[in-house]
Amino acid sequence: MHPAFSVIFLTTLIGVGQGLFIALNIGQVFDLARDDINLGHGFYAWGGFLVLSFLALGLIASVFHLGHPERAWRAVTQWRTSWLSREVIVLPLFMLIVFAYMLGHFNGMDAEQSLTLGLVGIIVCFTLFVCTGMIYACLRFLREWATPLTVVNFILFGSASGFIFAAAYAGWAGQPELLELFGEIGAWLTLGALVSRGWTLKRNAELRARPKTTTQTATGIHHPEVRQTSMGLMGGSYNTREFFHGMKALAVRRIKGFFLVMVFPVTLALLLAGTALDSAFLVSLAFLAQYLGLIAERWYFFAQVNHPQNIYYQQVG
Amino acid sequence: MQTGSAVTNNGNIEVKNTTCYMCACRCGIRVTLQDGIVRYIQGNPDHPLNQGVICAKGSSGIMKQYSPARLTKPLKRKAGAERGDSEFEEITWDEAFDILEKRLAHLRATDPKKFALFTGRDQMQALTGLFARQFGTPNYAAHGGFCSVNMAAGMIYSIGGSFWEFGGPDLEHAKVLMMFGTAEDHHSNPLKIALSKFKRQGGRFISVNPVRTGYSAIADEWVPIKPGTDGAFIMAMMRILIEEGLVDEPFLVDYSNSAQLVIQDPQHPDFGRIARNTQGSPLVWSGKRQQAVSFDAREDGIVLDGAFTLADGTPVKTAFRLLKEQLAEYTPEYAEQITGIPAADIVRLARELGETALTKGGELPIAWTDCWGRQHASISIRPVAFHAMRGLAAHSNGFQTIRAFSLLLSLLGTIDRPGGFRHKAPYPRPIPPGPAIPSSPDDVQPGKPLNGAPLGSPASPDDLFVDANGQPVRLDKAFSWEHPLSLHGLMHNAITNAWRGDPYPIDTLLIFMANMAWNSTMNTSEIRKMLNDKRADGEYKIPFLVVCDAFQSEMVAYADLVLPDTTYLERHDCISMLDRPISEYDGPVDSVRIPVVPPTGQCKPFQEVLVELASRLKFPAFTNEDGSRKFKDYPDFITRFETAPGSGIGFLAGWRGKDGSKAMRGEPNPRQWEMYEKNNCVFHYHLPREQQYMRNWNQAYLDWAHENGLIGKNAPIVIQVYSEILQEFRMAAEGRRPGKQPPEHLRERVKTYCDPLPFYYRPLETQRSDCDTYPLNAVTQRPMAMYHSWDSQNAWLRQIHTYNYLYMSPRLGQQGGFEDGDWVWVESMHGKVRCMARFSEAVEPGTVWTWNAIGKAAGAWNLDPEANEARKGFLLNHLIAEELPPGPEGEHLSNSDPITGQAGWYDVQVRVYKAEEDEDFSWPQFPAQPTVPGEPSRPDTLAYHAARGGAANPAPTPWHEQFADKLAPLTQPLQGIGKRIVSAITGEKD
Amino acid sequence: MTQLALVIDLNVCVGCHACVTSCKEWNTSGQAGPMPDDNPYGADPSGVFFNRVQTYEVGSFPHTETVHFPKSCLHCEDPPCVPVCPTGASHKREADGIVLVDYDKCIGCKYCSWACPYGAREFDEHSQVMKKCTLCVDRIYDQTLPEQERKPACVMACPANARIFGDIHDPDSQASQMIREQQGYALMPELGTQPANHYLPRHIRRGSDDSA
Ligand SMILES: Nc1nc2c(c(=O)[nH]1)N[C@H]1C(S)=C(S)[C@@H](COP(=O)(O)OP(=O)(O)OC[C@H]3O[C@@H](n4cnc5c(=O)[nH]c(N)nc54)[C@H](O)[C@@H]3O)O[C@H]1N2
Ligand SMILES: Nc1nc2c(c(=O)[nH]1)N[C@H]1C(S)=C(S)[C@@H](COP(=O)(O)OP(=O)(O)OC[C@H]3O[C@@H](n4cnc5c(=O)[nH]c(N)nc54)[C@H](O)[C@@H]3O)O[C@H]1N2
Ligand code: SF4
Ligand code: SF4
Ligand code: SF4
Ligand code: SF4
Ligand code: SF4
Ligand SMILES: [Mo]
């Protein structure tokens, strides 16, 4: 598939927002449980604002994916069947909750109210993760995507990046305990993501070896040697642009390498150093490294998909 | 979008019939206009040719009509600009006519030969030919010589009719079809309709072709033959058929000259001629009476195969016996060596043809009477059909190959019988057919029409158009000893000859509908130089070049004067019985074009230009006795012109007579166009059933055809298994004949190739190529979705073929160390081109091929100079020479069939090797040709919608692009940074 | 229930592209149009087409077959492109099974095209909506057209009569009969999309003693 930058930004940005929101709530639990932590409404209110900002940025990015954003409201109508429609409902809902959360904290709502809102928010947040993941995972024929791992990856990457961001935020906000806490959780989540993404990569590599759909099934010509000699057009078309990344295999491998290095070892190293040294700066760097890596990861997420339609668009002649 | 009433309901809808000319097939079309804009072009269901279907080109007519490559104004080359620079100034039609009238009047009054008119895919040769003749110049030809004259001549001189437009396979009754060398779109829609029905009805389709695409794709068996070797294959099959007794003996005895007796005594003055009685009737041998009897006496017991001695002691052999002797060396094993087809397959296929023809047919219960008065109760079905086109024709051994092919059809008795080859009016014609050509330089006289038709069919050496020294009178050297039966001229040598002044220089060359600076020329790069070459005194070697085209082609760039033609949707036209009509097996069909939209800009139909010039120059046929102009315009000319005063025969055969009640022949009908218009623009005359078969010998048919002027005499048209005409040329070459004699250096050539019986020889160019260095045959094919060079301006069609590859066996890549898609050089002994390789298993491994005329010169056809056609596409013609390398037969012989002058396009031998890394565009490249005044501008996007203004309806810019454009100043630096980051990660540039 | 569809006979298709351009010609000025073209006269011309003819080679020399393979939307009976659409623009009609896009509802998210395994959808970059073969819905019901012309443009054009239009749920339709009698098959059957369009395979007719 051709990676769509609007979607790359949408999914990575809201992922950070979602993770951050979860972190804020975990933070609050700690806030309540431990006497040495006392954050004050400002931390949550501004945290909520940051969550909202990530979600809004993601939303804006996604608008660029639409040909007719003025009709976007229509996208809520098909929630019965379409995960995309569901996402379109859940994302604003989540934003609404975050907005209420932010407003509540600005107005000094009490902990009980905050936790209740937080809990509802987290449920919606996870629903959003599921919707986002399922948009891809539900496409049965895109076998690289059609696995629960897709949803798991979205959850883990979003949470990890959100926690690391939260750690940096806590650091800059002068909360070393939280920096450490979020940092540690972020590290574990990153490790979890490493496992699930690694597993996904392995799974997908094996898929290639056992294609289900072949030139034979696509054409109904059952002969061991069937080759396309012409796709019927020469100057390219939507089908040759949307479903091919147009990069050489080597470039794709380098992007994969880049994301694997950035999202995992580089991030972890910076994160460990940051938490050990209590450096908000290093943790911020860790976040940046992971986020950049995630952009590449998401790019690769698209690029790795070998759409069955490509069987029909192999050769110009 | 939702269901609802069709768009055709909105706006002012009109539906008009006319005839397509997206290709020469000439299907009937129905054009829907919406407020005057073309909405839809569909096949006319009531048209006999295409029966409602339409092809890819026909459906894309809209994009031709509204093409930005259209010429819209008469143009004159700018003073100081060179030919090829494509720099023009607009002029008015009055100026254009004045220029032409002055120049042509002077030439006509002084030396009419100095005016040459060459036309390409012209469908009005009856008019252009008449114009040339009335002008008085012999220098006229159309595309036939570089197209398929071998097919026409080889078959017409053998069986009185031919594939191409004059006959075809009767797939309704056939069980087996063997198709030779036909790509994918010859006789486009009708053949596709028939092939599909044939297959569905259980027919078996065998394709003999080095390449398997198009029609061959749906063949049941593919016989991959080496190019240029079909003669050997066919001869071998004939040998097997005869050996195994699988020939239609009664047919051969009755209807061909197979049983006629050929004089065998080398001392005899008529050695090699057919023996005749005193009445001139050919002799055959009666087995019963053991003596020679007249062929026309129709006795029983005539011997087909034998050697005898006439009463006067002259030894004779039947023509059939001579054929058998000629075939002796063509064993299947010999043919396998030449053709690459396994001997066992040759035997199997021959048997299949023979057995099917002779045992699987049956009779059609149609009673008929032959020319000798014999009545027949039925007509035998011969369910073996053939089709063949340029794969046989476009080789310099094509004439003799096609002679062999015609004889194969004859051995099987398939001539004009159900299931076999069927004629289409005006064929069959006598052998030789057609009008007499001039035969002496005196036939060209200042101020007078040419004495004879510029093109025709010689019957003997004395018909050649040569001077006392045996030198050609025509510029293209047609009808000379170099190419005696060049029925269609040699347009492919016209420019070279004019440039060299050999046989003489000319003054004005008028080219109509031919892209001779590109694809209809061999040796294209050199020809382009010749067109621009000057004499010592600064004058062009071809002083004045007029081009009539509808589009900004490569040729237009070289014109001194450009005449903008209309498109087929804008003009009157007729597909005439005097020319190449669209007849069906069951009778003559002709058709017309009637404008469905008004002319664009200043465009004027070339027909009108010719009528206007002919009137101004006061050609006799265009002038009343009092010297006044005879015809108002082209439609008026078509209505009132008669081939001879009162002949009742004109361009159109339908609705003749004062009230339109007569067919074929009758007085001019002033309302003829209207009647055509009401009748789908087509006239179809149905012959009675008993006149539809065996027409070479069918008395009722021949009488009818004669009465209606299709043939000059109603005598039987006997199949020429042994060609006496060729024998006459051979005898002249041997000096055994009074009359015209070939020049010494050509004697051997004429003697060798004018064999009265077919034989196989290696194509001339191959004989002179170093086949070790250049081991591969290179051929072209036309793709179904492109017509020659002229569809690159078509926005829809060019998406299907916007550049071309050279297709070849992967084995060549393995040997040469290159991959599929790599840039390669293709080199012949004449030059080289660079292109991309595409591996294919559907090509004979010794052959490489490409689509014809997809590559274009930069800037032509109003394409962006960077368009794929110019950067990635290529033209094979640069590798093909128009002349053979010098040899014992002379220096500047055309690279053509030695008998017909058919261009030997498919004889070129090449080698292929990998190009350098940085050689990633096609070669040769030419400086971009600028657009010309009056050409519409070239849009970046199209969103054609008839109801929204057609091509003028611009495609909207999506919101994010508008947004991005606005933000561009801000985002550009960011983009730069982004790109750098990405390329740092990926290692890929851009 | 009716399921309109095309049956494509690979046994007679010569790959002429008539269905490609006649489709474009009819539809660009129809309700499904315009079908824009980019760089129509420049490098890499690219446009919206609802139907394409592809070519495949089977086997190796000399036992090679060349197969021309036209492909447009297959109007799947279980069309994956429909349920994913968030707006309902992409829909399958109850009455005749045609899968259509309502341009007025489409937000141009392209999701349906990701869901279609056949590459049958084409995005109009200019009007930013998804487009595809409509089975010429604006012809086949048009009462102003003569009855025999109420067929898709590609079917009317096809010189080889390789495209048969009909109701594949009606066992008596010519389309159903041909599928039955000539082993008509669906593309990518393993995906369970149940394409309504079917293909008829090549049948090779051998000569009497052809052992090849
Ligand atoms: N779409 C479309 N239709 C056209 C035209 C067009 O440009 N476009 N042009 C029209 C014109 S002017 C003409 S003349 C006709 C020509 O129609 P065709 O005669 O079909 O034309 P070519 O494309 O020259 O195809 C020649 C075929 O012969 C094969 N061949 C080459 N050498 C040999 C050989 O030695 N033996 C055998 N057996 N086969 C061989 C080639 O592989 C190719 O398949 O088409 C007409 N129809
Ligand atoms: N290598 C190679 N070369 C070949 C062949 C081959 O097989 N291989 N085939 C040869 C054969 S068979 C042929 S017939 C020739 C064909 O060669 P040409 O006769 O040169 O055919 P086109 O390229 O179609 O060019 C015809 C010209 O007519 C113009 N034209 C189109 N419509 C109109 C109109 O309505 N009015 C006027 N006035 N002009 C119009 C076009 O713009 C174009 O410039 O090519 C030959 N060239
Ligand atoms: S075959 Fe096609 S282009 Fe040629 S006349 Fe017929 S419809 Fe027109
Ligand atoms: S129009 Fe018919 S024969 Fe031509 S490509 Fe399409 S389906 Fe095949
Ligand atoms: S072919 Fe593709 S677009 Fe058409 S119905 Fe099936 S899934 Fe949908
Ligand atoms: S592009 Fe249009 S039709 Fe396709 S899924 Fe999106 S809204 Fe639906
Ligand atoms: S049915 Fe209509 S829209 Fe579909 S491919 Fe055929 S012509 Fe095009
Ligand atoms: Mo031709």
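The values are calculated or read from the model by the stated rules, or taken from the named source; none is laboratory data. Quick caveat: nothing in here was measured; it's all calculated off a predicted structure. Heads up, the Cβs are rebuilt from the backbone with ideal geometry, glycines too, and the neighbour counts pull from every protein chain shown. Accessible surface is based on the protein model in full, side chains and every heavy atom, while ligands, DNA and RNA are left aside. Shrake-Rupley method; radii C 1.70, N 1.55, O 1.52, S 1.80 Å.
Segment B:867-896 and segment B:905-970 have Cα centres spaced 29 Å apart.
Over segment B:854-910, accessible surface divided per residue gives 19 Å², non-protein components excluded, 1.4 Å probe.
When the Cα positions of C:C85, C:P159, C:H75 are compared along the charge dipole of chain C, C:C85 comes out farthest toward the positive end, with charges on each C-beta of Lys, Arg, Asp and Glu. Ordered by residue, what ³J(HN,Hα) values in Hz, to whole numbers, does segment B:507-518 give under the Karplus form 6.51 cos²θ - 1.76 cosθ + 1.60, where θ = phi - 60° and Gly and Pro are x? Ordered by residue, 3J(HN,Hα) equals 10, 10, 10, 10, 10, 10, 6, 9, 9, 7, 9, 8 Hz. Computed from the alpha carbon atoms alone, the convex hull of segment A:80-155 holds 80 Å³ per residue. Sequentially through segment B:647-662, phi angles give Karplus couplings (6.51, -1.76, 1.60; θ = phi - 60°) of 5, x, 10, x, 5, 10, 9, x, 6, 8, x, 4, 9, x, 8, 9 Hz, Gly and Pro residues having no value and appearing as x.
Which pairs in the list B:K175/B:K226; B:K113/B:K618; B:K78/B:K534; C:K105/C:K131; B:K448/B:K630 are over 22 Å apart, alpha-carbon to alpha-carbon? From B:K175/B:K226; B:K113/B:K618; B:K78/B:K534; C:K105/C:K131; B:K448/B:K630, over 22 Å: B:K175/B:K226. Each part reduced to its alpha carbon centroid, segment C:26-58 and segment B:89-145 end up 41 Å apart. Note on chain C: GNM, Cα springs under 10 Å; of C:E122, C:E181, C:E149, the largest mean-square fluctuation is that of C:E181.
Computed with a 1.4 Å probe over protein heavy atoms only, the accessible surface of chain A comes to 39 Å² per residue. Roughly what angle does helix A:5-33 make with the longest principal axis of chain A, taking Cα atoms, 0 to 90 degrees, to the nearest 10? The answer is roughly 30 degrees. Simple rule: put +1 on each Lys or Arg Cβ and -1 on each Asp or Glu Cβ in segment A:5-311, find the dipole, and look at A:W299, A:A209, A:G118; the Cα lying farthest toward the positive end is A:A209. Here the relative contact order of chain B, from alpha carbon pairs under 8 Å that lie six or more residues apart, stands at 17 percent. Solvent-accessible area lost on pairing B with C (1.4 Å probe, both sides summed) amounts to about 6500 Å². Taking the inverse of the mean 1/r over every pair of distinct Cα atoms in segment A:5-311 gives a Kirkwood hydrodynamic radius of 20.7 Å. For chain B, the longest principal axis of the C-alpha atoms and the axis of helix B:149-159 are separated by about 20°. Counting only residues at least eight positions apart within a chain, or on another chain, the lysines with an alpha carbon under 23 Å from that of B:K662 are B:K424, B:K678, B:K713. For chain C, the longest principal axis of the Cα atoms and the long axis of helix C:18-28 meet at an angle of about 10 degrees. What the Cα atoms of chain B give is an Rg and a Dmax of 28.7, 107 Å.
Taking C:G88, C:G59, C:G15 as the candidate residues, the one with maximal mean-square fluctuation in a Gaussian network model of chain C, Cα springs under 10 Å, is C:G59.
Divide the volume of the convex hull around the Cα atoms of the protein assembly as shown by the residue count and you get 180 Å³ per residue.
Chain A contacts chain C over a buried accessible area of about 4600 Å², both sides summed; the probe is 1.4 Å and only protein chains count.
May I ask you to list the trypsin sites (Lys or Arg not before Pro) in segment A:72-134 that are in a DSSP loop and have at most 10 other Cβ atoms within 10 Å of their Cβ? Passing both the DSSP loop test and the Cβ count: A:R80.
From its DSSP helices (H runs of at least four residues, each -39,500 (n - 2.57)), the protein assembly as shown gives a residue-normalised ellipticity at 222 nm of -10500 deg cm²/dmol.
Round to a whole number: what % of the accessible area of chain B belongs to carbon and sulfur, probe 1.4 Å? Taking all protein chains in place, chain B shows 50 percent carbon and sulfur surface. May I ask which residue of B:S281, B:V597, B:V843 lies farthest towards the positive end of the charge dipole of chain B, with charges of +1 (Lys, Arg) and -1 (Asp, Glu) on Cβ and the Cα centre as origin? My answer, from the dipole projection, is B:V597. Here segment B:758-799 and segment B:343-410 have alpha carbon centers that stand 28 Å from each other.
The string of couplings for segment B:482-496 from the Karplus curve (6.51, -1.76, 1.60, θ = phi - 60°) is 5, 8, x, 9, 7, 4, 10, x, 10, 3, 5, 10, 4, 5, 4 Hz, one whole number per residue in order, with x for Gly and Pro. Here the protein assembly as shown carries DSSP beta bridges of which approximately 70% are antiparallel, counting only pairs with both residues inside. Just the protein heavy atoms count here, and of the accessible area of segment C:146-212 at 1.4 Å, carbon and sulfur take up 46 percent.
The mean number of Cβ atoms from other chains found within 10 Å of a Cβ in peptide B:37-45 is 4, as a whole number. Considering only A:L66, A:L55, A:L13, the Gaussian network model of chain A with Cα springs below 10 Å gives its largest mean-square fluctuation to A:L66.
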